[in-house]
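Just so you know, all these numbers are worked out from the coordinates, no wet-lab data involved. No experiment lies behind these values; they were computed from the predicted model shown. Quick reminder, even Gly has a Cβ in these numbers, built from the backbone with ideal geometry, and neighbours come from all protein chains shown.
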Amino acid sequence: MLKYLARRLGFVLITLLVSSMIIFFSTQVLPGDVAQMILGRFARPEAVEALRVKLGLNEPIYVQYLTWLKNFVQGDWGLSLSTNNYPVAPMVWERLKNSFILAMAAFVIYVPGGILLGLWAALRRNKAADHIISVSSLSLIGLPEFVTGVILIAIFSLKLGWLPPSSSISPTATLPEILPKLVLPAITAALVSLAYITRMTRASTVEALYSDYVRTAYLKGLSPRQVLFRHVLRNALMPTVTVAAISIGWLMGGLVVTEALFSYPGLGRLLLFAIQRRDLPLIQATTLLMAAIFCLSNMLADIIYAWLNPKIRFQ
């Protein structure tokens, strides 16, 4: 198992290195001059050139990349160009904390809910409950997040007045103050993943229920409850665990639409802010952090999968 973990960690480091190259060189080919954008359209050429030297933009591209990567690893993520040279790292970590809270709220909704619905549909295969769950999950998968969010706002905020339509929170807000503002964005973020988890759990459970080892367990005299918990779930939930773990990375960095719709100050909205203002240090730090989260969530999925299925460790 240690050898397997070391190999997976090596793959993560290589992936992050390649990702850092792609992120850095992609931001360098964006149109416009960073120094010119900072100083404004009417800045003198001498001032622009002096700022380019100060920022290191006159160095060869590979030197800029190595300097940036070294500083990033050491914790120096640079200064934001669009917020009066405010350090990037505190901004990103603050938004990461907010995204983590929203991601965990959505995770608590869609993982248990998806597994229970998938199991219920599998155990009631080809019956009314199965058809209703299958059609509902397909509808949720095809429904964009902004449509779901608008519908939830219209019903629970404008019509019923139960929940606030905006999820803007202050850095000093307490957990009881944050929770009511998390409900609608968490549900919006959870519905698509809930549908995927439901369909994945249903398909793998149905396959496990009709396998030879389950029939053998019944022939040994085990009760349906024992067969379900000892044999079916351990094998049926392996694909579901993988999807759930991978979705953590998407939740942490891919909620741009949800965060923008509800004005939630998360990591995705910070990235959108940085792109709109061509804030290169902020774009680079936020994107590479998202890539790291995706890689680590994939590694977590592999570890859980290997723990559930020992044969994976020796491949």
Residues of type lysines that Lys3 reaches as a straight line, Cα spacing below 23 Å, ignoring anything fewer than 8 places off in the same chain
Lys311
Using 0.36 nm times the number of residues separating Arg225 and Arg44, minus their current alpha carbon distance, what extension gain do you get?
57.4 nm
If one builds a Gaussian network model of the chain from Cα atoms under 10 Å apart, the most fluctuating residue listed among Leu16, Leu194, Leu160 is Leu160
Taking neighbour counts of Cβ atoms within 10 Å as a proxy for exposure, in what order, fewest first, do Tyr110, Tyr86, Tyr65 appear?
Tyr86, Tyr65, Tyr110
Length gained when the stretch Ser136-Asn84 is fully extended (0.36 nm per residue, less Cα-Cα span):
13.9 nm
Counted charge near Val256, where neighbours are those whose Cβ lies closer than 10 Å (Asp, Glu -1; Lys, Arg +1)
-1
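Does the range 127-245 classify as rounded, prolate or oblate by the C-alpha gyration tensor (a ≥ b ≥ c root eigenvalues; a/c under 1.5 gives rounded; else a/b over b/c gives prolate, otherwise oblate)?
Details: a/c = 3.22, a/b = 2.26, b/c = 1.42.
Taking the square roots of the gyration eigenvalues as a ≥ b ≥ c, the range 127-245 is prolate.
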Cα-based helix-to-principal-axis angle, 175-209 vs the chain, degrees rounded to 10:
50
Theoretical ellipticity at 222 nm over the chain - DSSP helices of four or more residues, -39500 (n - 2.57) apiece, nearest 500
-24000 deg cm²/dmol
When ranked by the protection proxy of mean other Cβ atoms within 10 Å per residue, highest first, what sequence do the peptides 195-204, 112-121 form?
195-204, 112-121
Report, to two decimal places, the Cα Rg of the chain normalised by 2.2 N^0.38 Å (N = number of residues).
1.22
Max mean-square fluctuation residue, GNM over the chain, Cα-Cα springs under 10 Å, options Ala292, Ala47, Ala189
Ala47
Modelling each spin label as a point 7 Å along the Cα-to-Cβ direction, I'd like the Arg125/Ala173 distance in nm, to one decimal.
4.5
In the range 142-169, which residues have a backbone nitrogen under 13 Å from the label point lying 7 Å from Ser263's Cα in the Cα-to-Cβ direction?
164-169
